[in-house]
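Enquirer: The following block contains the structure, expressed as structure tokens.
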Amino acid sequence: VQLQASGGGLVQAGGSLELSCAAAGRTFSSSAMGWFRQAPGQEREFVAAITWRTGRTYYADSVKGRFTISRDNAKNTVYLQMDSLKPEDTAIYFCAATTLPYGFTTKGTYTSWGQGTLVTVSS
């Protein structure tokens, strides 16, 4: 599966951004899509995930209530709507795909990764 992330940019604290991740290739084999982020000098961390079939969602506690993940099965695209952004949300955001039916909050579960898109939140 090839993944193409887009939508990053610079926004003021309290603002909103929407990220998109378009999947191509063997998308029928993918069970779920996830978003992860990595700030400078930090480990890549889980943000949100969604299953293709049921649309079940998973969120990190740090973004729950502010971020919303959704999918458009017809377009093989997953979105991450980010509201009430904070400076600590600044990071490179990566989308990823997995074929496994479990472990959606763990980065080791994912086998395909997009190139990342930078989100910068100014205070």
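Enquirer: Would you mind getting the Kirkwood hydrodynamic radius of the chain from its Cα pairs, rounded to one decimal in Å?
Expert: 14.1
Enquirer: Sticking with this structure for a sec: Size of segment 18-72 along its principal axes in angstrom, Cα-based, largest extent first?
Expert: 34, 24, 18
Enquirer: Given a 1.4 angstrom probe, what's the average accessible area per residue across the chain, in square angstrom?
Expert: Per residue, the chain has 50 Å² of solvent-accessible surface.
Enquirer: So which lysines can residue 86 reach, going by Cα to Cα under 20 Å and dropping same-chain residues fewer than 8 places off?
Expert: Cα-Cα hits under 20 Å: 64.
Enquirer: Ok, one more. Under the definition of Cα pairs under 8 Å and six or more residues apart, what whole-number percent is the relative contact order of the chain?
Expert: 36
Enquirer: To the nearest 0.05, how large is the calculated FRET efficiency for residue 81 and residue 28 if R₀ is 35 Å and r is the Cβ-Cβ distance?
Expert: Details: r = 26 Å, r/R0 = 0.73.
Working from the Cβ atoms, E equals 0.85.
Enquirer: Mark the label point 7 Å from the Cα of residue 10 along Cα→Cβ and return the residues of segment 102-123 whose backbone N is within less than 15 Å of it.
Expert: Within reach of a label on residue 10, which here means backbone N under 15 Å from a point 7 Å along Cα→Cβ, segment 102-123 contributes 118-123.
Enquirer: Another one. Just the number, please: carbon plus sulfur as a percent of the accessible area of the chain, 1.4 Å probe, no ligands or DNA/RNA counted.
Expert: On the way: 3040 of 6190 Å².
Of the solvent-accessible surface of the chain, carbon and sulfur hold 49 percent.
Enquirer: Turning to a different aspect of this structure: Please work out the C-alpha center-to-center distance from segment 66-120 to segment 17-39 and express it in whole Å.
Expert: 6
Enquirer: Counting only residues 5 or more places away or on other chains, whose amide H sits under 5 Å from the amide H of residue 9 once H atoms are built in the peptide plane?
Expert: Counting only residues 5 or more places away or on other chains, the set is 119, 120.
Enquirer: While we're on this one: If you stretched the chain out fully between residue 54 and residue 70, how much longer would it get, using 0.36 nm times the residue separation minus the C-alpha to C-alpha distance?
Expert: That works out to 4.6 nm of additional length.
The values are calculated or read from the model by the stated rules, or taken from the named source; none is laboratory data. Since this is a predicted model, take the numbers as computed values, not measurements. Here Cβ is always computed from backbone atoms with ideal geometry, including for glycine, and neighbour counts include all displayed protein chains. Ligands, DNA and RNA are stripped out before the accessible areas are found, and what is left, the full protein with its side chains, is counted by its heavy atoms. Shrake-Rupley method; radii C 1.70, N 1.55, O 1.52, S 1.80 Å.
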